[in-house]
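Notes for the one structure printed next.
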Amino acid sequence: MKSDFLSRYGLSLLAACFLLFVFTLFFFPVLFEGSTFFFRDIHHFAYPMKFYLARIWAVGEWPYWYPYLFQGMPYMSLMHPGAFYPPSVLFLLEDFLFAFHAYFLFHHLVLMGSVYALCRYWGRSIPAALCASLTALLGGYFLSLASVYNQFQSAVWLPLIFLMWQKFMFNGGLKYFCSAVVFLAFQVLGGGPENAIFSVLLIYAHSLYLAKNEERGFRQKTLGVLALGVAALALSALQWIPTYHLLQETGRSGGLSLAASTIWSLEPGALLELFLPENFSHFLEQDGGNMSYFVHGFYMGIVPLFVLSGCLLVGREQKPIRFWLTVFGVGVFFALGKFNPLYSLFHEWVPVFNLFRFPQKFFFFCAYALVFLSAWGLDRFVTVVTHEKTAMKKLLLALLATAMVVAGMFGTHVDRAGLESLMILLLLAFGIFALHLKKINRLGFFSLLLLLMVMDLMGKNSMLIPLIDREFYTDPPPLAKRLGGTADSFRVYSGMLLEKPARKKVSSNPAAGKTSRPPYNLLSVQLATRDQVYPNIGAVYGLGYVDGYSTMMTKRNQLWYQSFVLADIPKKKRILKRSNVKYWVTEDYEQLPSAQYPRGIKKVNVFEDVLPRAFLVGESRVVPSAKLLDFYFDSGFDPLRQVLLTERVEVKKEKNFSGRVERIEYGPNRVRVETNQNAEGMLVLLDTWFPGWKVEVDGQPEHIFRANYFYRAVKLGPGYHRIEFYYEPVGLKTGAAISGVAFILLLLAVGATWRNMYEQTKD
């Protein structure tokens, strides 16, 4: 029995051990040396957002609202925090850093394992499937995308969606259909709706072009994919419906302009990085110009690139190879964005196309095409090398062409990477000749190939996931200690870190008339944002901000920024004071009087006459929205005496009005205030007004007024009152009902399938 098991599963177990070994080797610093992920969006979004998620779940609440940015903003509706994303259950663990690492490592494991499983289902050899899996695990696109965590955690589910859908199409069974629906919903819940659309398009095209079961014609395949998409939308409705309502409050509601949507287009010259990563030695060093990347690493390995070149000459007679070559071309076509003159037509005429930014996201198609071509192409090449002399010559020609491009780049960009790539191609040529002459067998050739791939990809792409000691998060910086604990009373304005030292262009060669900005180091910028308690990170230390970074900024947030940026210095200070900002962290540095903190911290301007978080006024005034901010930020206006509204409310004026806020308490998704006053008046709360907020006064529902353009107000009568504001995302109940019905139907379908299988087994 034992020998039968080993003979059947021994090679698969050996393959799994090999992949786990490479995985452990690559992530060894995270697993065993106390390092952690910190770069880019992991630092600015993932860590503070997941930290808040864990904290709210620990008290048994849902994180609907996020009070630490923009004077308060929706949390769950943003989509990318992944409040309903199933793998987020890891943050129920008590050890947050352990959960944080497990969360990211889990997605790399999913990608690696699912690619291998899909390639094996397609009938690829174990070595070819291993090559594809290594390309996915260590490829530049996927490693760099991990820093944009919502896109990465969404993209990794494609192979599993593909696998389940293929099994459904070829074998039948609702369990496979339901599994495909669940994994497709994961892409939406994970915060990458673009990837869900890409996945559906790929599956549909693949079904039409490559489906083996010809009994299912065009109509059946179209209806099947449509059912898949609708079911996934229904299952994820509790996420995307609130997101849709949030979208209506942002500048994206009517779509983005062509210029805005084509930021981070793929520059044609960047395609050369497929052959040799330009930033191999100096990835973190930038020239001071605009960052030209959404994906900062396109290098998928010299072996997959050789396979791509070889497939253009050998193997096009195979439908799968032709399909993935086409997918690669389509990905390049759209990824070029503004560099593609036809892109504007899609932006103008294709529905929802103008809602998404960054054409480099379309490299999703190219990356997966290279992954799967690695499996299909290598199996084809082994056959060619051993049996077809003419095809082998073409294969060697592809190898030579790849080497010539690398050599050409090596001549203009001399570093260790070019030499290593040429050596790998030379060893690959040696292996091909040895296989052709039968000096080594298929196992020996693939062993050499896998070794070369590991050396190549780990050597060139390891810097795409910069790591740092865990104290980066756990040890609060001096500025955080200085300002900590103020989130419920006063806010901070960060001044926004200037990632480029200056906007003014500095001439690098005046005679030639060329200009550039001073160079800077991305690692230094990331460290600086931590030491200077940048807005998004400050939330970890209990700091509330009037500014910050977000994937979707509301129109009111944008207007606040615009008003602030265009104002002179006295007005800037007035805007901050009337936004409950007590601390203005400026760009001027000062040194703490202690040797314990050798690094300087930002200077903090403290305003003494700042508006409190909540206060009472005895008068209201109706002002048109277009003029309201001019009134509110005017030096002659007294916000402690009068509140500006856009709708009329009757308030009996009392000459000697007086009142005070006796208590204010913040909780998850709610604010409790206790007041006492001698006459009718208005309670003004300097928290963002947003659809979904409701209020009760002494247990009775009341109306929330939009006060001073940005904030909330409620009318109160004389005497003592208990006021409670509470928030629930608009559309959540509708979305939850749809998702609940979809989930029950999926369970019933799976249950029926298992029951039929049991009865058949019993018979």
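The values are calculated or read from the model by the stated rules, or taken from the named source; none is laboratory data. The structure presented is a predicted model; accordingly, all values stated were derived computationally and were not measured. Glycine gets a Cβ as well: all are built from the backbone with ideal geometry, and neighbour counts include every protein chain shown.
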Go through segment 105-132 residue by residue and tally those that are of a type in the set (Phe, Trp, Tyr) and not in a helix (DSSP H, G or I).
-> 1
Within segment 348-355, can one find any residue that is among the polar types (S, T, N, Q) and assigned to a helix (DSSP H, G or I)?
-> yes
Which of the residues that make up segment 223-259 are surrounded by 12 or more Cβ atoms within 10 Å (Cβ to Cβ), more than 21 Å from the chain's Cα centre (by Cα) and at pLDDT below 85?
-> LEU258
Wholly inside segment 641-754, strands (runs of 3 or more DSSP E) that include 1 or more residues that are surrounded by fewer than 14 Cβ atoms within 10 Å (Cβ to Cβ) are 659-667, 700-702, 719-727
Please state which one of SER625, SER635 is loosely packed, with under 12 Cβ neighbours inside 10 Å, touching a residue at least 40 places away in the same chain (Cβ under 8 Å), within 18 Å of ILE704 (Cβ to Cβ) and of a type outside the set (Lys, Arg).
-> SER625
Among residues of segment 662-683, those that are in contact with a Phe, Trp or Tyr (Cβ under 6 Å, 6 or more places away or on another chain), of a type in the set (A, V, I, L, M) and more than 12 Å from TYR727 (Cα to Cα), counted | 1
Test SER154 against the criterion of being of a type outside the set (Asp, Glu), in a loop (DSSP other than H, G, I, E, B), crowded, with 22+ Cβ neighbours inside 10 Å and in contact with a helix residue (DSSP H, G or I) (Cβ under 7 Å, 6 or more places away or on another chain), and give yes or no.
-> no
What is the number of the single condition among (1) modelled with pLDDT under 80; (2) surrounded by fewer than 16 Cβ atoms within 10 Å (Cβ to Cβ) that ALA211 does not meet?
-> (2)
Selection status of LEU201, modelled with pLDDT of 90 or more, over 15 Å from VAL110 (Cβ atoms) and either in contact with a Cys (Cβ under 7 Å, 6 or more places away or on another chain) or surrounded by fewer than 22 Cβ atoms within 10 Å (Cβ to Cβ) (or both) = yes
Only one of these conditions is not met by ARG574: (1) in a loop (DSSP other than H, G, I, E, B); (2) at pLDDT 90 or above; (3) charged (D, E, K, R). Which number is it?
-> (1)
Scan segment 333-354 for residues that are more than 24 Å from the chain's Cα centre (by Cα) and charged (D, E, K, R) and report the count.
-> 1
Identify all residues within segment 597-622 that are modelled with pLDDT of 90 or more and aromatic (Phe, Trp, Tyr); write none if there are none.
-> PHE615
